[in-house]
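Have a look at the structure below, then the notes.
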Amino acid sequence: MLFVYYFLAFAIVLIIFHKFIEDNVFGNENNNEESGNTHAHRLIVDIGDTLINKEGIEQYKELKPKLEQVKRYYLNNENRQQVTKVELESNKPVELKIVS
Amino acid sequence: MYFLDALSKPEITATISVLIMLSFALAFYFSYQNNKSNPSVFIISAALFINFVIANNALYEFLAERKPDVDYYLRWVQYDSLTIIGSVIAHYIFKVKHHKLTSILMYLLLVNICMYMAVHIDIIEHGNREPWWLWTLYTPVINSVEIVIAFLIIFKSRKELADKAQRVV
């Protein structure tokens, strides 16, 4: 019956350290876009919930601030992508021409 | 302490065990209805359901006689430890974050494990046969903890279901 004591010790260790293991070992995996934990994803889900529940002018008033936030988020994303494109273009090597 | 002594009678203990088993079955049912919004509580209620209803087999012990050579206290320690281990590993496998309630329930299970170990050390290891305050405290504490665990799951699941229904309306 010695294995019972090993189970008990393992259970106590897991109870004390389960949060620590979750944050450090699995924390990075939980933060990516696909898991839906980003701010934009949460906004979209909230918008979806509101659309299911109500209709008309009240719906628009409720949605408007959230839609503004999403618009700003994606505009910022687009600007970041444009900056990256410009940087890449400016790094192209200069073509040397022979001047006769 | 007549009330506490009455709790130690085998028929009353067996009846309370069956009621606790039914409350865990109910807790599992309600947490299954709410599993999409709170998968963490569903995982631990499933582990507790397997422990109390299937593995611990309270109904069987109510119908059949207890075997004298089986060390029940260590067996309960084993089952509760495996419940905690199984629940935490299931959270990691399914990549579910531990809910606050799940952590609280695991600490409550640890209280029960400590009581089982204390009585095991007293009766089996030391061979003590004289009753003292630990024996009087044992039955009410473990039964109260189990009832609290079951009702926390039921209350949390019902509250979240009611909130969800209100949002839809």
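The values are calculated or read from the model by the stated rules, or taken from the named source; none is laboratory data. This is a predicted model, so every value here is computed, not measured. Ideal geometry is used to build each Cβ from the backbone, glycine not excepted, and the neighbour counts take in all protein chains shown. Surface accessibility is based on the protein's heavy atoms, side chains included, excluding ligands, DNA and RNA. Shrake-Rupley method; radii C 1.70, N 1.55, O 1.52, S 1.80 Å.
Observations on the model:
- Hits in the stretch B:131-153 - residues which are open to solvent by 90 Å² or more (accessible area, probe 1.4 Å) and either among the basic types (Lys, Arg) or farther than 16 Å from B:Leu109 by Cβ (or both): B:Pro131, B:Trp132, B:Trp133
- Identity of the residue in the stretch B:87-99, more than 10 Å from chain A (Cβ to nearest Cβ) and either open to solvent by 60 Å² or more (accessible area, probe 1.4 Å) or at pLDDT 95 or above (or both), that ends up farthest from B:Ser40 (Cα to Cα): B:Ile93
- Flag for A:Leu14 being modelled with pLDDT of 70 or more, part of a helix (DSSP H, G or I) and open to solvent by less than 70 Å² (accessible area, probe 1.4 Å): yes
- Being among the aliphatic types (A, V, I, L, M) and crowded, with 17+ Cβ neighbours inside 10 Å is a condition met by at least one residue of the stretch B:154-161.
- Top-ranked residue of the stretch B:56-86 - restricted to ones that are at pLDDT below 70 and surrounded by 14 or more Cβ atoms within 10 Å (Cβ to Cβ), ranked as nearest to the other protein chains (Cβ to nearest Cβ): B:Asn56
- When B:Thr102 is tested against the conditions (1) without any contact (Cβ under 8 Å) to a residue 40 or more places away in the chain; (2) within 10 Å of chain A (Cβ to nearest Cβ), the lone failure is (1).
- Checking A:Lys19, A:Lys64 one by one, the residue that is modelled with pLDDT of 70 or more, within 9 Å of chain B (Cβ to nearest Cβ) and either under 27 Å from B:Thr83 (Cα atoms) or assigned to a helix (DSSP H, G or I) (or both) is A:Lys19 and no other.
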